[in-house]
1. Separation of the range 86-124 and the range 286-339 by C-alpha centroid, Å?
2. Considering the convex hull of the alpha carbon atoms of the range 288-385, report its projected area averaged over all viewing directions, in nm², one decimal.
3. What is the Cα radius of gyration of the range 205-254 over 2.2 N^0.38 Å, N being its residue count?
4. Rank these for me by crowding, 231, 290, 253, 71, going from fewest to most other beta carbons within 10 Å.
5. Using R₀ = 45 Å, calculate the FRET efficiency as 1/(1 + (r/R₀)^6) where r is the Cβ-Cβ separation of residue 166 and residue 380; round to 0.05.
6. Report the calculated FRET efficiency for residue 363 and residue 109 (r = Cβ-Cβ distance, R0 = 30 Å), to the nearest 0.05.
7. Pull out the extension gain between residue 291 and residue 322, defined as 0.36 nm times the separation in residues minus the alpha carbon to alpha carbon distance; nm, one decimal.
8. Which whole-number percent of Cα pairs in the range 230-358 have a distance greater than 26 Å?
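What follows draws every value from the coordinates through simple rules; no lab data is involved. Remember, it's a predicted structure, so these values are computed and weren't measured experimentally. A quick note on method: Cβ atoms are made from the backbone with ideal geometry, for glycine too, and the neighbour counts reach across all protein chains shown.
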């Protein structure tokens with residue numbers, strides 16, 4: 001993939017301004033073909049039990065039949081296993097005395113889905129599921145009481161751990177009271193702080209019924225050291241590269257767009273919604289569809305761009321499903337050629353601005369075992385013409 005200049009892309013120190021962007025997230029050509037012909041999606045794998053023994057942690061859970069389940073460590077290693085006929089899987093992973101954090105995912109037919117959070121496995125503290133936005137959950141009997149900081153779906157900070165059953169717990173940050181709450185019947189508490197945790201060294205104190213702990217925190221950036229790149233497609237350059245004959249075919253066409261494949265009541269995000277680290281709202285409105293020009297004209301530059309997306313474009317008005325599939329498949333493969341793609345590797349302090357009227361974008365995975373936290377806002381545009 002190219003990392004050079006892309007049509008209106010101006011890299012500055014810690015700042016990248018793009019003059020192009022997408023009607024939705026882009027996918028690789030192979031994924032595009034599958035997405036057009038498959039309505040079923042993978043549900044996230046899960047861990048149901050974790051037991052520590054002489055050989056390490058024995059984990060049990062469920063995943064899609066025939067999928068490959070992978071437990072990945074931050075160092076890049078990992079253990080893989082395939083579920084039984086009923087979807088149950090079991091594996092044993094050795095754990096160092098200091099413990100480690102693992103990412104859990106499953107892959108089937110080239111598609112990969114990551115579990116709801118990360119597993120912290122420690123001989124001393126037990127097994128914990130670290131869930132962004134939902135605090136930590138003990139996975140092994142008698143797990144000790146680590147203090148876990150997590151980010152919730154609104155961007156706030158959640159402190160979780162174990163105290164006395166139904167005990168009152170308070171949290172101080174750098175000497176200031178930042179939150180309080182009660183532990184549940186199992187003694188697990190989840191307290192959302194009243195303000196952000198600043199970068200750098202911080203002093204965290206947790207006190208109350210059955211707990212008295214103090215920790216020094218050094219908040220680091222939430223950019224993984226591997227994976228997590230964002231790819232952008234220049235849809236104007238992709239249009240310019242087409243032959244005049246193909247442009248004549250495409251110019252009058254209307255594409256049918258719908259969010260149902262992702263955000264509809266039967267879409268991928270309608271399954272295991274609460275298990276995802278990012279809050280996603282599905283709705284009946286997303287099941288509907290709209291038509292837009294397959295080729296749109298930018299209202300400022302006057303340049304034409306292909307206005308189709310593997311995620312949201314579901315057909316072409318007046319075409320049969322088979323005809324739509326063939327033409328859209330060609331366009332998706334054309335758009336995602338290396339010559340039209342810019343790959344952004346994130347670093348601390350980066351700010352990206354882009355124009356959703358003339359590109360697509362796609363965020364890669366590949367950072368199992370690490371947290372990736374980004375903030376994004378969108379400005380509403382005009383009706384495509």
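1. Centre-to-centre distance over Cα atoms comes out at 38 Å.
2. With the hull built on Cα positions only, its mean projection is 8.9 nm².
3. Rg over 2.2 N^0.38 Å, computed on Cα atoms: 2.79.
4. 290, 253, 231, 71
5. That gives a FRET efficiency of 0.45.
6. Calculated transfer efficiency: 0.90.
7. 9.3 nm
8. Cα-Cα pairs of the range 230-358 separated by over 26 Å account for 33 percent.
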